[in-house]
Amino acid sequence: MTDRLLLLRSLAEAVARSGPGAGSGLCPPAVERLCRAAAALLGADGAALTCAPAGAGRYTACATDDVAARLAEIEDLAGDGPAVRAARHGRTVGTVLGAGAAGRPADLPPDVPEVPPVFAVLAADAVDPGATVAVRAWPVHVDGRAVAALTVHGPAASVPADVLADGQVLADALGPSLVGPAVASAPARARRHRAVGMLVAQTGLAPDDAAALLRARAWAEDVAVADLEDAVLERRATFAGGDAPDPGVTRQG
C-alpha cells in the first residue's frame, strides 16, 4: 500500500473496528487503539509509542503487549535502541533479535544507526527462545520535529520499500494524539520529571546528567527505571552522599 489517503483511511477504519471491548462498553485509550491499528496494518505483532525517545524526559505513552513493553523498558535502561536512533536520525531504524539475527559486521562503524548493538544483546532475552523477531521504529513528526517514535515487533522478514513508507505515514498520523493534554500530562512523564528533580536536588547535577545517573543505577542494579523512580519519590532510594540504601524494588526477571 503506497497511497497516503488510502492508508490513513485504513487506519481510521481499523481504529473504528477496535471499538468497545467485548461486554465492557469501554473503548481502549485513543493512543493505544491507534498503536494497535498501526501494528496490524504493518503486519506486526505489537507496538510501542515512546515520547521524546532521545531526551532525558523520555517515557512510553503506550505498549500494546508485554514484548513491546519489555523492549521499551530495555531501550530506556540502555539509553539506546531503534526508537532513540529513529528520532535522532530522522529515519526508520530496524534490527533483528533472536536465533536468526545476523551478526554485526566487524567493519560497521559504531555510530551507524541501523543496528543498535547494546540494545540487540539485551533485548534478545525479551523474545521467546529460538524465535527470530524483527524490531523497527519510525520517528513521529509534529510540525517537522521528531517528538516520538513508533516501534513495532513481529516476524522477521525482508521489509519492502512500500512498508517502510507506510510505517512513516502511520507514525506521523499518531502525532496529533501526542499534543493533547491527556498525553502531555501522562503519569509516566510526570513521575520521571519529579524523580529527576529530586536527583538534581540531591546531587547538584544538571537534569540531563541526573536522568542519565538514574538510568545507569537502574541498569547496574537490574531494576526497572520506573521502579527506581518510585523508590526515589518514596525516599526508599537516595543518590546523596554515595551511601544509598537498598531501594527495595523488584528485580527484573
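The values are calculated or read from the model by the stated rules, or taken from the named source; none is laboratory data. Not measured: the values here are computed from a predicted model. Cβ sites come from the backbone with ideal geometry, for glycine too, and all protein chains shown count toward neighbours. For the accessible areas, the whole protein counts, side chains as well, though only heavy atoms, and no ligand, DNA or RNA atoms are used. Shrake-Rupley method; radii C 1.70, N 1.55, O 1.52, S 1.80 Å.
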Look through the stretch 165-189, keep the residues that are modelled with pLDDT under 70 and outside any helix (DSSP H, G or I), and return whichever of them is nearest to D227 (Cα to Cα).
A186
Looking only at residues that are modelled with pLDDT under 85 and open to solvent by 70 Å² or more (accessible area, probe 1.4 Å) in the stretch 216-250, which one is nearest to Q202 (Cα to Cα)?
G241
Contacts under 9 angstrom Cβ, first residue in the stretch 52-63 being more than 12 Å from L150 (Cβ to Cβ), partner open to solvent by 40 Å² or more (accessible area, probe 1.4 Å) and of a type in the set (D, E), 6 or more apart
G55/D208; A56/D208; A56/D209
Yes or no: the stretch 122-133 includes at least one residue that is at pLDDT 80 or above, in contact with an Asp or Glu (Cβ under 6 Å, 6 or more places away or on another chain) and not in a loop (DSSP other than H, G, I, E, B).
no
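Listed residues R17, R91; which is modelled with pLDDT under 90, surrounded by fewer than 19 Cβ atoms within 10 Å (Cβ to Cβ) and part of a helix (DSSP H, G or I)?
From the options R17, R91, the qualifying one is R17.
Could you tell me how many of the residues in the stretch 139-167 are surrounded by 11 or more Cβ atoms within 10 Å (Cβ to Cβ) and free of Cβ contacts under 8 Å to residues at least 60 places away in the same chain?
Pass one, the stretch 139-167, residues surrounded by 11 or more Cβ atoms within 10 Å (Cβ to Cβ): 139-142, 145-157, 159, 162-167.
The next check asks that each one be free of Cβ contacts under 8 Å to residues at least 60 places away in the same chain; those that pass are 139, 141-142, 145, 157.
Residues that pass the stated criteria total 5.
Matching residues to (1) of a type in the set (V, I, T); (2) outside any strand (DSSP E or B); (3) out of contact with any His (no Cβ under 7 Å at 6 or more places or on another chain):
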position	(1), (2), (3)
W138	no, no, yes
A149	no, no, yes
V152	yes, no, yes
A157	no, yes, yes
V163	yes, yes, yes
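Scanning the stretch 131-148 for residues that are small (G, A, S) and within 20 Å of A68 (Cβ to Cβ), which turns out farthest from the chain's Cα centre (by Cα)?
Taking the stretch 131-148 as the starting set, the residues that turn out to be small (G, A, S) are 131, 134, 137, 144, 146, 148.
Okay, now just the ones that are also within 20 Å of A68 (Cβ to Cβ), so 131, 134, 137, 146, 148.
On the way: A131: 21, A134: 15, A137: 9, A146: 14, A148: 9 Å.
Among those that are small (G, A, S) and within 20 Å of A68 (Cβ to Cβ), it is A131.
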